[in-house]
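Chemist: Dropping the structure in here first, questions after.
Derivation of every value follows stated rules applied to the coordinates shown; laboratory data play no part. Please read all numbers here as calculations on a predicted model, not as lab measurements. Cβ atoms come from the backbone with ideal geometry, glycine included; neighbour counts cover every protein chain shown.
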Amino acid sequence: MKKYAVFFWVSVAISAFCLFLPVEGAAQDKDYPNQAITLIVPWGAGGASDQAARAVARYAPTYVGQQMIVVNKPGAGGAVGMETVIRSKSDGYTLLSASIGSNTLTPAFQAGLPFRFDEVTFICRTQLNPAVLVVKAEAPWKTLKDLVDDLKKNPGKFMYGTSGIGSMHNWATYKFLKLAGIDMQNVTMIPFNSGKEQVVAMLGGNIHFSYMNLSEPLAQLKAGKLKALAVVPKRMEELPNVPSFAEAGYPEVNVLGWRGVSGPPNLSEGIVKKLEQGLEKLCRDPGWINMVIKMGDLPAYIGPKDFKAFVTKEYNEAKTDAKSLGIK
C-alpha cells in the first residue's frame, strides 16, 4: 500500500509540474520583452549589414518595447554570428540581424558547418538591397550585350571582383556568365574583403566589372566615375536610364541582398508574434523608411511564413549552383 501511495504522490507532482510549464511560458510571453534585446550582426562594424541593424535598433524601443543593443560578431562568412544566435537561449533576448550572406550563401557554399540554414526561427525580412553590374566610366561597353560579346571574343582577358567564392557577388556573376554561355574559367575572379575595395580596384583599372550591392558604388556612379550596365530587381529611381537584367535579356539573374531578423530555434509563438507585430510597424515608420532608402535599399517587409519560404527557395537554388561549382 505504501508503495502505491508513493507512486500516487509522485504522479501528482509530475502532473503539476507539467501543468505549470506552459503557464510559466505563457507568463514569460506576456511579459516579453522586459529587458534589452541583443541584436547580433554577423559582420564587422560600419558595413551595410551593420548600418541596417542599427537602423532597426534605433526604432526598436518605440515598436518592440525595449532597446536593441547591436553586437558585431564577424567571422567565417557570417557563420560565427549565426551560430552564436542558434546556440543562444530561446527566450527572445538574442536575435540575429539576418542577411543573404550569413543565412543563405554561407550555409550553401561552406561544407561542414555545425548548423543548418533553417535552424533559426524566421521572424521577418525588412528590406531588399538592389544590385548592379558596374564597369569603369571609360570602359568601351555601353550595354550588357557589349560586355558579353567582348567576354566571348577575348577569353582569359578580363577580370571581375567578388567578395569570395561563396559571396552574393560571385553567385550572381556565376549565374550571369552561365546564362550568357561564358565559361567561368575564361574570366578571372579577383576576391576582395568588401564592395568598397572592389570600387577602389575598378577605379584603378585593376578589375573590369563587378556585380555588387547598389549602395556600394552609388556615389561613384552619381559622380560619373563608374557606369552601370544593368540592375536588379527593377529600374531604379537613382539610375533611371539603366535597364534591369530582365530587360537586358537575363531575367534569371535575380540575385540581390536582403536584411531581416531571425532568432534562435524554438522561439515561442507568443514571442514571435510580438516581434513580428512590432517590426512590421517599425517597417512602416517614415523615419526608418527614409534611412533605408538613403542606404540604397528598398523597404520590403514580409512575415515569418513568407520569410522562411523566401530563404528556403534561395538556399535550394544556391546549393544547386554550389554543387555545379564542385562545392559539396
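Chemist: How long is the gain from T188 to E138 if the chain were fully straight, where each residue apart is worth 0.36 nm and the alpha carbon distance is subtracted? List each step's numbers first, then the result.
Modeler: Numbers: separation 50, 0.36 × 50 = 18.00 nm, distance 2.04 nm.
16.0 nm is the gain from fully extending T188 to E138.
Chemist: Assign one of three labels to the range 30-134, namely rounded, prolate or oblate, based on the Cα gyration tensor with a ≥ b ≥ c the square roots of its eigenvalues; rounded applies when a/c is under 1.5, prolate when it is not and a/b is larger than b/c, and oblate otherwise.
Modeler: oblate
Chemist: Tabulate in residue order the Karplus-calculated ³J(HN,Hα) for the range 275-289, using 6.51 cos²θ - 1.76 cosθ + 1.60 with θ = phi - 60°, rounded to whole Hz; enter x for Gly and Pro.
Modeler: After applying 6.51 cos²θ - 1.76 cosθ + 1.60, I find 5, 4, 5, x, 6, 5, 5, 4, 6, 9, 6, x, x, 5, 4 Hz.
Chemist: As a test of the formula, what do you get for the chain when each DSSP H run with n ≥ 4 contributes -39,500 (n - 2.57) and the sum is divided by the residue count, at 222 nm and rounded to the nearest 500 deg cm²/dmol? Don't skip to the answer; put the middle values down first.
Modeler: Details: 11 runs with 139 residues, N = 328.
So the helix-based figure for the chain works out to -13500 deg cm²/dmol.
Chemist: If you restrict to DSSP beta bridges whose two residues both lie in the range 131-232, what percentage is antiparallel, to the nearest 5?
Modeler: Of those bridges, close to 65 percent are antiparallel.
Chemist: From the phi angles alone, apply the Karplus equation (6.51, -1.76, 1.60; θ = phi - 60°) to the range 238-247 and give each ³J(HN,Hα) in whole Hz, x where the residue is Gly or Pro.
Modeler: Using θ = phi - 60°, the values come out as 5, 10, x, 9, 9, x, 6, 4, 5, 5 Hz.
Chemist: Which order results if H169, H208 are arranged by neighbouring Cβ count within 10 Å, fewest first?
Modeler: Details: H169 27, H208 21.
With the fewest neighbours first, H169, H208 line up as H208, H169.
Chemist: Place +1 on the Cβ of every Lys and Arg and -1 on the Cβ of every Asp and Glu in the chain, take the dipole about the Cα centre, and give the residue among P243, T173, V80 whose Cα lies farthest towards its positive end.
Modeler: Most positive-ward Cα: V80.
Chemist: What does the charge count near N316 come to, summing +1 for each Lys or Arg and -1 for each Asp or Glu among other residues with Cβ under 12 Å from its Cβ?
Modeler: Charge balance in the 12 Å sphere: -1.
Chemist: Going by C-beta contacts inside 10 Å, put K89, K273 in order with the fewest on the left.
Modeler: Result, fewest neighbours first: K89, K273.
Chemist: Continuing with this model, one more query. Evaluate the relative contact order of the chain (contact order divided by residue number), counting alpha-carbon pairs under 8 angstrom at least 6 apart; express in whole percent.
Modeler: Relative contact order comes out at 26 percent.
Chemist: Please arrange S324, S210 by how many other C-beta atoms lie within 10 Å of their C-beta, fewest to most. Before the final figure, lay out each step's value.
Modeler: Working: S324 10, S210 27.
Fewest-to-most ranking of S324, S210: S324, S210.
Chemist: Let me ask something additional. Pick out, in residue order, every one of the trypsin sites (Lys or Arg not before Pro) in the range 120-179 that is DSSP loop and has at most 12 other C-beta atoms within 10 Å; say none if there are none.
Modeler: Within the range 120-179, the qualifying trypsin sites (Lys or Arg not before Pro) (loop, at most 12 other Cβ atoms within 10 Å) are K142, K157.
Chemist: Of K196/K222; K145/K294; K178/K222; K153/K227; K225/K313, which ones are farther than 25 Å apart at the Cα?
Modeler: Listed pairs above 25 Å: K145/K294; K178/K222; K225/K313.
Chemist: Just list whichever of K136/K157; K136/K323; K234/K308; K142/K234; K136/K308 have alpha carbons separated by over 27 Å in the model shown.
Modeler: K136/K323; K136/K308
Chemist: Out of the DSSP beta bridges found with both residues in the chain, what percent are antiparallel (nearest 5)?
Modeler: Taking every DSSP beta bridge with both residues in the chain, the antiparallel ones total about 65 percent.
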